[in-house]
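Working notes for the structure below.
The values are calculated or read from the model by the stated rules, or taken from the named source; none is laboratory data. The structure displayed is predicted, hence computed values, not measured ones. No Cβ is skipped: glycine too gets one built from the backbone with ideal geometry, and neighbour counts run over all protein chains shown. Just so you know, the surface numbers come from the protein's heavy atoms only, side chains and all, with ligands and any DNA or RNA stripped out. Shrake-Rupley method; radii C 1.70, N 1.55, O 1.52, S 1.80 Å.
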Amino acid sequence: MDSFRVTGGCVLDGEVETSGAKNAVLPMMAATMLADGVSEITNAPHLKDMKTMSDLLRVIGCRISGSEHVLAIDTRGANHLEAPYELVKTMRASFYVLGPLVARFGRARVSLPGGCAWGPRPVDLHLKGLEALGATVTVTHGYVEAACTGRLKGGVFHFPISSVGATANVLMAATLAEGTSVLHNAAVEPEVDATVDYLLSMGADIQGRGTRTLTIRGKEKLMPGNGRTIADRIEAGTFLAGALMTRGRVKTTNMEPEHQGALLDVFRRMGADVQVGKDWVQVDARNRELKPVDIVTLPFPGFPTDMQAQLMAVLTTVPGISVVQDTIYTDRFMHVAELERLGADIRLRGDTATIHGGSKLSSAPVMASDLRASAAMVLAALVAEGVTDISRIYHLDRGYEDFESKLSNLGGKIERLHGQSA
Ligand code: UD1
């Protein structure tokens, strides 16, 4: 198992290019299953999760090729309509193949993902949505089996809560259903829009992109897709948070600033200078007294739960009391105990953490507990006095491309120790 060794005391200053979004490319890859032929995806990031999705598509019978950041997925051999537990348990987004497979082939068998590091993560809405399109869904031996006779049937489904994954899954299925489907209270995250765009490139008929009501007129067939992955707003947000953490300056390029509204508002409220261009953002926290802040995570356009851990790391260094409430994943606080090992003072009660900021952080061996928590630990280690070893960084490798080289280019002192669990 690799680990990171981070030397504290740096100030990040520089420019970093944003990679393609993990959470957009994964549903796009699953969407290719809706057509027979070779689909293309550009600006695809190199990530462990992408490799897992590629492995899954290969198990199904697809051929995957491509060059640097371009993926070609040939679905002509797709015939094994099953997603095994071994893959789904390592990446929940594998569940995305359920909708496309049942829509195109009339049946699919996909392992239930089980819980994750921050508690239960149900998939009931994925299943109810598919049932609303006429699929018969059963769960046996840990596997979901979905089937329909002929094509799925257009239906109406109201998501009781906003779900990115369930929206994308049911949306993909609806594109091949017979008749019209209407999805109410659909998620409006940029990654859902990106999935819509990719489906449109395949010839799908979808109205209401970017709104909470999606109307899909099902087609008998879709053609192979061709589209570009949007920028990873969480990757960019993490580096921008690094500017606040180290009281430095970071510019993220090759990105969509309009996806960062809530995060940039928080950075401004904290007192950082935030500049926004057409495809870049610069956050400058040099020589600034940052202020504490209260945040609540919410569905887009609210503050993203995927930035909660990184912001909390920053807040541990800001004198005063900050409050962070996670309403999306109420147990997503594994990083709290690890930040405390570095000297942070955080009181956790239910879904709310109260951070008594301003304590001096000092190095200690810590553990990455999930993808974004890993990034939070690295941010904290950048300012902790001494050398911090962070183990279990395979979590981070799931979703950050070239993380340590990007961070080093900004001035971070980070080194990967191969095969060592520090
Ligand atoms: C996606 C992102 C993840 C992000 C999350 C919230 C991917 C691969 N992952 O996860 O990084 O943190 O959105 O922005 O894109 N829920 C149910 N039943 C369901 C589905 C969800 O109750 O069937 C609940 C969840 O427990 C959670 C809320 O809905 O409380 C939102 O989850 P959802 O948007 O579905 O998250 P994911 O798509 O799994």
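Its Cα gyration tensor gives segment 261-336 an equivalent ellipsoid; the semi-axes, largest first and in whole Å, are 21, 17, 9. At the listed q of 0.22 Å⁻¹, the Debye profile of segment 47-134, built from one uniform point per Cα, gives log10 I(q)/I(0) equal to -1.13. Could you tell me the relative contact order of the chain? Use alpha-carbon pairs under 8 Å, at least six residues apart, and round to a whole percent. It comes to 21 percent, rounded to a whole number. Quotient of the Cα radius of gyration of segment 117-164 and 2.2 N^0.38 Å, N being its number of residues: 1.29. A probe of 1.4 angstrom, applied to the heavy atoms of all protein chains, finds Arg212 with accessible area near 80 square angstrom.
Charged side chains reduced to their Cβ positions (Lys and Arg at +1, Asp and Glu at -1) give segment 75-234 a dipole of some 200 debye around its Cα centre.
What you get for segment 312-422, charging only the Cβ of Lys and Arg (+1) and of Asp and Glu (-1), is a dipole of about 140 debye around the Cα centre.
Between the exposed loop cleavage positions of the chain, defined as GluC sites (Glu not before Pro) in a non-H, G, I, E, B DSSP state with at most 16 neighbouring beta-carbon atoms within 10 angstrom, the longest gap is 69-219. Over the Cα atoms of segment 229-376, each weighted equally, I'd like the Debye log10 I(q)/I(0) at q = 0.13, 0.16, 0.20 Å⁻¹, rounded to two decimals. Ignoring solvent entirely, the Cα scatterers give -0.52, -0.81, -1.28. Over the chain, DSSP H runs of length four or greater, each weighted -39,500 (n - 2.57), average out per residue to a 222 nm ellipticity of -8500 deg cm²/dmol.
Once the Cβ-Cβ distance of Asp294 and Asn226 is raised to the sixth power relative to R0 = 41 Å, the FRET efficiency obtained is 0.40. Diffusion coefficient of segment 44-92 by Stokes-Einstein, Kirkwood radius over Cα pairs, 10 °C, 1.306 mPa s: 141 µm²/s. Relative to its residue count, segment 5-64 spans a Cα convex hull of 104 Å³ per residue.
Need one word for segment 75-114: rounded, prolate or oblate. Basis is the Cα gyration tensor (sqrt eigenvalues a ≥ b ≥ c); a/c below 1.5 gives rounded, then a/b vs b/c decides. Note, shape of segment 75-114 comes out prolate. Neighbours of Glu131 by Cβ distance under 13 Å: Lys/Arg scored +1, Asp/Glu scored -1, total 0. For segment 241-283, the normalised intensity computed at q = 0.33 Å⁻¹ comes to -1.30 (log10 of I(q)/I(0), Debye sum over alpha carbons, equal scatterers, no solvent). Rolling a 1.4 Å probe over the protein heavy atoms leaves Thr330 with an accessible area of roughly 60 Å². Remark: for residue pairs Lys278/Lys360; Lys221/Lys251; Lys278/Lys406; Lys89/Lys251; Lys22/Lys219; Lys219/Lys278, the C-alpha separation exceeds 32 Å in Lys278/Lys360; Lys221/Lys251; Lys89/Lys251; Lys219/Lys278. The orientation-averaged projected area of the convex hull spanned by the Cα atoms of the chain comes to 18.1 nm².
Of the three principal axes defined by the Cα atoms of segment 303-422, the extents in descending order read 37, 29, 25 Å.
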